[in-house]
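Notes follow the structure.
Just so it is clear, none of the values below were taken in a lab; they were calculated from the coordinates. For clarity, every value in this text was computed on a predicted model and none was experimentally measured. Every residue, glycine as well, gets a Cβ built from its backbone with ideal geometry; the counts of neighbours run over all protein chains shown.
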Amino acid sequence: MTLSNASDMIAEDQISSTEWPLWEIFIRGQQGISHRHVGSLHAPDAKTAIQSARDVYTRRSEGVSIWVVESQQITASSPSDKGPLYEPSKSKIYRHPTFFDIPDKVGAM
Amino acid sequence: MYAQLIKSEATVENPKKLREFQARIDAGEKIEPKDWMPEGYRKTLIRQISQHAHSEIVGQLPEGNWITRAPTLQRKVILLAKVQDEAGHGLYLYCAAETLGASRDELNQMLLDGRMKYSSIFNYPTLTWADMGTVGWLVDGAAIMNQVPLQRTSYGPYARAMIRICKEESFHQRQGFDIMMKMANGTLEQKRMAQDALNRFWYPSLMMFGPSDSDSQHSAQSMAWKIKINTNDELRQKFVDQTVPQAEYLGLTIPDENLKWNEKKKRYDFTDPDWSEFYDVINGNGPCNVERLNARKKAWENGKWVRDGLLAHVQKTTSKTVTVE
């Protein structure tokens, strides 16, 4: 058996039906602002994901830096947790600066 | 449109949950991947978004046909950039469909097997360079007509994909019109080519919006779910009203003897396309259906060694790293 046959067999047996993993792409649009989620793509590894993200998501100078994260590594909160997670802050209006009345003559504060 | 003849899936769900879901949509809220949604909403969206994605990918073929034969180097790089954009559009849309639980490879397989469709327009041949102008001007023009309202669609990932796509479509339409201006103001032969391209693409472009509202049975549910924003006839009318003055500017004649401004209705009256041709093309019997699908199958098969090879390389290097650690 030749070498190329052997590698074909590996491909057939182990890989052929395997989809490349999905990556989430984050781009820093310009210096000084944070990375922002722009979309996703399939790639075999992080290096290729960055290469493809550059080809797809920065074709018109949309970015100066790229982050890629494998989608399965992201843990997301559940919509049903909305109450327990965010309700408590609604009653804490004293956390906002507008809660306090400061006399005008004090000046800007 | 790019998603013609999308049948809305019936949905049997808890009525209370359905009412709450509809209320969210009516209030203009976006539905996100992890939110509860009716099965019918999910399935209809997967089909609609995938069909749209397939259209972007197959849509590369009629224009790819002219990349090596573009008349100047500048036209060539512009056309190349446009065709690359279409690949990106396909990607954005496939990813949006994947957030609904569809698998990318499975969607692709369904296209290759003919279980999923793509827009009828890409089954027409591109015979001359003027066709590149007409495709950009009319086909991308019609696509914009449909996609701009879809930026407000209820499903978040789909709406965001549409926003990205719309930013780029305007470049596509303008580059097409630019080609048409050159041809229409060129030699007699160039002008003849431009007119011929318009003659061939006019009715297929009108077909892109799908059948007449009276024959479009699945619109009501999709419109309630805000995954379809305007009716087929509304968009078609809008397209005609916008395009006729552009054709006049070019000095070209739209191939419709009944085309006439209706002063009372403040819009153009026009002839509907031949719907039997539309059904024929969408069911696989258009001039290029076989050629297009074969090109996709060939690309998928010829790319297999690259997909497998890169994955094998990753697996090999990962296992090495693990051993070292």
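Does residue B:307 satisfy being within 14 Å of another protein chain (Cβ to nearest Cβ) and either of a type in the set (Ser, Thr, Tyr) or farther than 21 Å from residue B:239 by Cα (or both)? Answer is yes for this residue.
Is it the case that the stretch A:59-69 has a residue that's at negative phi and within 9 Å of chain B (Cβ to nearest Cβ)? Scanning the stretch A:59-69, I find at least one residue that is at negative phi and within 9 Å of chain B (Cβ to nearest Cβ), so the answer is yes.
Residues in the stretch A:27-49 that are crowded, with 19+ Cβ neighbours inside 10 Å and either farther than 14 Å from residue B:313 by Cβ or touching a Phe, Trp or Tyr at 6+ places or on another chain (Cβ under 7 Å) (or both): A:27, A:38, A:39, A:40, A:41, A:42, A:43, A:44, A:49. Among the residues of the stretch B:24-49, those identified as surrounded by 15 or more Cβ atoms within 10 Å (Cβ to Cβ) and of a type in the set (A, V, I, L, M) are B:25, B:31, B:37, B:45, B:46, B:49.
Across the stretch B:20-60, the qualifying residues are those that are part of a helix (DSSP H, G or I), more than 30 Å from residue B:205 (Cα to Cα) and within 14 Å of chain A (Cβ to nearest Cβ), and the one among them that is farthest from the chain's Cα centre (by Cα) is B:20. Can you confirm whether residue A:40 is in a strand (DSSP E or B) and either among the polar types (S, T, N, Q) or over 30 Å from residue B:21 (Cα atoms) (or both)? Yes. Considered as a group, the residues in the stretch B:92-103 that are within 12 Å of chain A (Cβ to nearest Cβ) and touching a residue at least 12 places away in the same chain (Cβ under 8 Å) include one that is farthest from residue B:39 (Cα to Cα), and that residue is B:92. If the condition is being over 21 Å from residue B:215 (Cα atoms) and among the aromatic types (Phe, Trp, Tyr), then the stretch B:257-293 contributes B:261, B:268.
Within the stretch B:240-259, is even one residue exposed (fewer than 12 other Cβ atoms within 10 Å of the Cβ) and within 14 Å of another protein chain (Cβ to nearest Cβ)? Checked the stretch B:240-259: no residue is exposed (fewer than 12 other Cβ atoms within 10 Å of the Cβ) and within 14 Å of another protein chain (Cβ to nearest Cβ).
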